[in-house]
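Q: Okay, here's the structure, questions in a sec.
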Amino acid sequence: MKWEGNRESDNIEDRRGDDDGGGGGGGGFGFGGRSLGLGSVVIALAASYFFGINPMTVLSLLSGGGGGQSVQSQHSTPSHPPANDTKTRFVRTVLADTEDTWSKLFTERGATYRKPVLVLFSGRTATACGTGESATGPFYCPADQKVYIDLSFYQLMQDRFHVSSEFAQAYVIAHEIGHHVQNLLGISGKVDQARRGASEKQANAMSVRLELQADCFAGVWAYHANQARGIIESGDVEGALNAASAIGDDALQRQARGEVVPDSFTHGTSEQRMRWFKRGIDSGRMDDCNTFQASAL
C-alpha cells in the first residue's frame, strides 16, 4: 500500500502510556452503570477478533434490545501529542484518507461529513459507551463518535490470521469509519431501534446487515482513495479479502467449536464479507452498499 508522504490527520488522541489506563474494573463494556460480559464463546470471539465490533451491537445482543447510548465518564484530553513512529503515522495517514474521501462523497450528496476522532490506547480506556478494552478489538462508539484501537491488534491479525499487509490493516480502520458513516446517515439508529423487541435471531440478522454494509463502505473508501491517490499496490486487494475471509462468523465458529450456527452470526460469513467489501471497491458507489434491501447477502 502506498501511503508515505500523504496527508496525516490531526484528529488523533494518543492515550497510550496514560497511568489510569481508562479506569474501571471488571471485563467487557459497562453500560448505564453496569458491566456486561461478552457471554458466550461465539460473541467473545466476535468481540475479540472480528473487524468492526460495535459496542452497541454487543449491548443489544446481550440485553435483547437497543439499550440506548448511556454516556459515562469521559477520558480527559491527553497532554502528550501523538507519537511519530511508523505505525502511528500510518494510522494518521489512513484516517486522513478516509476524511478526504468521505468529505467529498458527503459534499456530493449535499451533506457535511463530521470527522471522527481516532483514539489510540493500550489495555483499556474510558469511552462514552463504557470501558473499552484491548481484547474487544477495534470499535466505534456512536455516543462520542470516536474510533478506538489498540495497535497490538495488528500483531494479533498476523499471529492468529496470518494477515500482515498494510492495506488489510487500513481495512480495519476503514470498516470502523464505515460505522461512523452509518451513524451520520442515521442508519445505525434505525437498526438499533428495530432491534428493540426483536428476537435474538432477528437482532443477529440485522447486525449482520449492518456489519456487511460497513465492509462495503470500507470498499467504497478504497475505490475513491485509489482513484485520487493511487494507494493500492499489487496484492493489496487479495490481502484484504483474505482478512475478510479469516474473520467470517463461520470460519471463527468452526475454529472455536468445530461447528457452525448460522442463527448466531453477527457479522456475516467469510464469503459474504469478501463479497460486500469487493462490491464497494469495485463500484465506489454508496448506493450499492444497501444491504438492508438486498434479497440475498
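The values are calculated or read from the model by the stated rules, or taken from the named source; none is laboratory data. If you're wondering where the values come from, they're calculated on a predicted model, not measured in any experiment. Cβ: placed from backbone, ideal geometry, glycine included. Neighbour counts: every protein chain shown.
Q: Please count how many residues of the stretch 255-297 are at pLDDT below 60 and not aliphatic (A, V, I, L, M).
A: Adding up the residues that qualify gives 8.
Q: For the stretch 1-21, enumerate the residues that are in contact with a strand residue (DSSP E or B) (Cβ under 6 Å, 6 or more places away or on another chain) and modelled with pLDDT under 90. Show your work before the answer.
A: Going through the stretch 1-21, the residues in contact with a strand residue (DSSP E or B) (Cβ under 6 Å, 6 or more places away or on another chain) turn out to be 11-16, 21.
Correct list: G21 only.
Q: How about the stretch 157-182: which of its residues are without any contact (Cβ under 8 Å) to a residue 24 or more places away in the chain and of a type in the set (D, E, K, R)?
A: D159
Q: What's the number of the condition G189 fails, among (1) crowded, with 20+ Cβ neighbours inside 10 Å; (2) within 20 Å of C289 (Cβ to Cβ)?
A: Among (1) crowded, with 20+ Cβ neighbours inside 10 Å; (2) within 20 Å of C289 (Cβ to Cβ), the lone unmet condition for G189 is (1).
Q: Here are some conditions: (1) in contact (Cβ under 8 Å) with a residue 12 or more places away in the chain; (2) among the β-branched types (V, I, T); (3) over 12 Å from D14 (Cα atoms); (4) out of contact with any helix residue (DSSP H, G or I) (no Cβ under 6 Å at 6 or more places or on another chain). V119 meets all but one. Which one does it not meet?
A: For V119, the failing item is (3).
Q: Could you look through the stretch 140-162, keep only residues that are in contact with a strand residue (DSSP E or B) (Cβ under 9 Å, 6 or more places away or on another chain) and outside any strand (DSSP E or B), and pick out the one that is surrounded by the most Cβ atoms within 10 Å (Cβ to Cβ)?
A: So the first thing to find is which residues in the stretch 140-162 are in contact with a strand residue (DSSP E or B) (Cβ under 9 Å, 6 or more places away or on another chain), and the list is 140-141, 143-151.
Going one step further and asking which of them are outside any strand (DSSP E or B), we end up with 143-145, 150-151.
Working: A143: 18, D144: 18, Q145: 15, D150: 24, L151: 18.
Within the stretch 140-162, the match that is surrounded by the most Cβ atoms within 10 Å (Cβ to Cβ) is D150.
Q: List pairs: first residue in the stretch 183-201 and modelled with pLDDT under 90, second residue of a type in the set (D, E, K, R) anywhere in the structure, Cβ distance under 6 angstrom, at least six positions apart or on different chains.
A: K201/D263
Q: Quick one: would you say H175 is touching a strand residue (DSSP E or B) at 6+ places or on another chain (Cβ under 7 Å), of a type outside the set (A, V, I, L, M) and in a helix (DSSP H, G or I)? Talk me through it step by step, then tell me what you get.
A: Details: touching a strand residue (DSSP E or B) at 6+ places or on another chain (Cβ under 7 Å): no; of a type outside the set (A, V, I, L, M): yes; in a helix (DSSP H, G or I): yes.
No.
Q: From A194, A198, grab the single residue that is in a helix (DSSP H, G or I), surrounded by fewer than 20 Cβ atoms within 10 Å (Cβ to Cβ), out of contact with any His (no Cβ under 7 Å at 6 or more places or on another chain) and not charged (D, E, K, R).
A: None of the others qualify; the one that does is A194.
Q: What is the residue count in the stretch 122-136 for residues that are within 20 Å of T88 (Cα to Cα), within 16 Å of the chain's Cα centre (by Cα) and in a strand (DSSP E or B)?
A: The qualifying residues number 2.
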